[in-house]
Every structure is written in structure tokens, then in C-alpha cells.
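The values are calculated or read from the model by the stated rules, or taken from the named source; none is laboratory data. Given the structure is predicted, the values throughout are model-derived calculations rather than measurements. Neighbour counts are summed over all protein chains in view; Cβ atoms, including those assigned to glycine, are modelled from backbone coordinates with ideal geometry. Each accessible area value is taken on the protein alone, full model and side chains, heavy atoms only, with ligands, DNA and RNA left out. Shrake-Rupley method; radii C 1.70, N 1.55, O 1.52, S 1.80 Å.
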Amino acid sequence: MIVADAKPVEFRGSSLEDLRAFPLTARREAGHQLDLVQHGHEPDDWKPMNTVGPGCKEIRIRDEAGAFRVLYVAKFAGAVYVLHCFQKKTKKTSKADVELAAGRYRELLKERGQ
């Protein structure tokens, strides 16, 4: 069912290709969680990622293949912006993953004239 008030999802950088590389079950779960966000709801398992930028959130997905993360920002009116998708290998999110997402966040702000 398509609802008119759903925000479009815009993937930044390589995030769509990265998401497509997830195993099928993790990919489906990510899609479901992003659908919730598009309709103004919170994902089932998330945490704020203010180290990336204000309003950035991390969707946490666990399946038999491991832990997967989708970093996004939904605070802007135009769309839900997916900044970065990756498989988490360690307990703490790597500095490289945080910096990549933060760079895409800054780029987004620049494009929006903020």
C-alpha cells in the first residue's frame, strides 16, 4: 500500500550499492526499517549518531550473517537520506565509517544551503 505522505529515500554516495551487498535477510530488514522511517515512525532498533551529525540515526540489524548498520537522517522535509550502509565487524563503529557518513552529511547540508 502506497501512502501519499511517505518521504522518498535518497541514497548518498555508494550507500545503495553497499546496501545491495547485504545478505538477503539483512537487506529485507533494512528495507522494512527504512519504510517505517519514510512513514514517520522510528525503526525497531536504532540509536542516535550525533558524531555523524545532528539528527543522524543508526538502524541496527542483526541476522545470522552478523551485524549490519544503516546510517540515515530524516529530519529534513524533502527525503530520508541514507548516508552509509555497512557490516559492523567490531563492537565500536569504526572511525572510517563515522567519517564517511559525516562527510556525506556535510555534503548534504552544503547542497541544501545550510
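Phi angles across the range 65-72 convert, under the Karplus curve 6.51 cos²θ - 1.76 cosθ + 1.60 with θ = phi - 60°, into 3J(HN,Hα) values of 7, x, 10, 10, 10, 10, 9, 8 Hz, Gly and Pro given as x. In terms of accessible area, using a 1.4 Å probe and ignoring ligands and nucleic acids, His84, His39 rank largest first as His39, His84.
Our coupling estimate for the range 52-57, obtained by passing each phi through the Karplus curve with A = 6.51, B = -1.76, C = 1.60 and θ = phi - 60°, is 7, x, x, x, 6, 10 Hz, Gly and Pro reported as x. Projecting the Cα atoms of Ala74, Ile59, Thr90 onto the charge dipole of the chain (Cβ charges, centred on the Cα centre) puts Thr90 farthest toward the positive pole.
As a test of understanding, state the convex hull volume per residue of the chain from its alpha carbons, in Å³.
That works out to 102 Å³ per residue.
Under 8 Å for C-alpha pairs, at least 6 residues apart: give me the relative contact order for the range 34-111, rounded to a whole percent.
Numbers: 109 pairs, mean separation 17.1, N = 78.
RCO, the range 34-111: 22 percent.
A 1.4 Å probe run over the chain, with the rest of the protein chains in place, finds 58 Å² accessible per residue.
Can you compute the charge dipole magnitude of the chain about its Cα centre, using +1 on each Lys and Arg Cβ and -1 on each Asp and Glu Cβ, nothing else charged? Give it in debye, rounded to the nearest 20. List each step's numbers first, then the result.
Working: 20 positive and 16 negative charges, 91 e Å.
For this selection, approximately 440 debye.
For the chain, which whole percent of the accessible surface, found with a 1.4 angstrom probe, sits on carbon and sulfur atoms?
On the way: 3520 of 6580 Å².
For the chain, the apolar C and S fraction of the accessible surface comes to 54 percent.
Straight-line reach from Lys88: taking Cα to Cα under 21 Å and skipping same-chain neighbours fewer than 8 places apart, the lysines in range are Lys47, Lys57.
May I ask for the equivalent-ellipsoid semi-axes of the range 74-114, computed as the square root of five times each C-alpha gyration tensor eigenvalue and listed largest first in whole Å? Display every interim value, and only then the final one.
Working: eigenvalues 109, 27, 9 Å².
Working from the Cα gyration tensor, I get semi-axes of 23, 12, 7 Å.
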